[in-house]
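Single-structure report; data block below.
Bear in mind that the values in this text are calculations on the coordinates, not laboratory data. Just so it is clear, the structure is predicted and the values come from calculations on it, not from any experiment. Using ideal geometry, Cβ is built from the backbone for each residue, glycine included, and neighbour counts are taken over all protein chains shown.
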Amino acid sequence: MIRNTRYNPPVRCMSGDWVRNKSTIMVTKTNAYPDLVVPPGEYLAEEIEARGISQKELAKRLGRPVNAINEIINGKKAITAETALQLESVMPEIPARFWLNLETDYQLTKALIKRRQQGQ
């Protein structure tokens, strides 16, 4: 019988638990956040323009009203999980998760900028 003699020491993770692992993952926290917030609709507008699709055509393909697409593009309406899935069905090379991540980053950045302006 051959034994692995390599010692794998336990590591204390952020929760305080001791774990044995084969690789170490480093997590860093930063206070650097952008001062500018870009609505995900701007990326959507660029994408449909590059594809030669109008807002009206996109709305038709998604089965949504044109004003809903316009509100998303102008940052007045959020991209929901359902909308992200619809966008993925029209543009399959861009996953729904991409659109949701853009929306999450947008909302978080807006909240951080608001907090900073309030002096918190």
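Cβ under 14 Å from Gly41's Cβ, Gly41 left aside: what net charge do those residues give with Lys, Arg +1 and Asp, Glu -1?
Around Gly41, the surrounding residues sum to -3.
For each pair in Lys60/Lys110; Lys60/Lys114; Lys56/Lys76, compute the distance between the two Cα atoms and list the pairs where it is over 25 Å. List each step's numbers first, then the result.
Numbers: Lys60/Lys110 30 Å; Lys60/Lys114 35 Å; Lys56/Lys76 17 Å.
Listed pairs above 25 Å: Lys60/Lys110; Lys60/Lys114.
Let me check I've understood the local charge: for Ile53, count other residues with C-beta under 13 angstrom from its C-beta, Lys and Arg +1, Asp and Glu -1. What total comes out? Could you put the intermediate results ahead of the total?
Values: positive: Arg51, Lys56, Lys60, Arg61; negative: Glu46, Glu47, Glu49, Glu57.
Once positives and negatives cancel, what remains is 0.
Give me the net charge of Gln117's neighbourhood, meaning all other residues with Cβ under 14 Å from the Cβ of Gln117; Lys, Arg count +1, Asp, Glu -1.
Every neighbour counted, the sum reads +3.
Counting Lys and Arg as +1 and Asp and Glu as -1, each charge on the Cβ, what is the dipole of the range 40-114 about the Cα centre in debye, to the nearest 20?
280
HN-Hα J couplings of the range 84-92 from phi, Karplus 6.51/-1.76/1.60, θ = phi - 60°, integer Hz, Gly and Pro as x?
Result, rounded to whole Hz: 4, 5, 5, 4, 4, 5, 7, 10, x.
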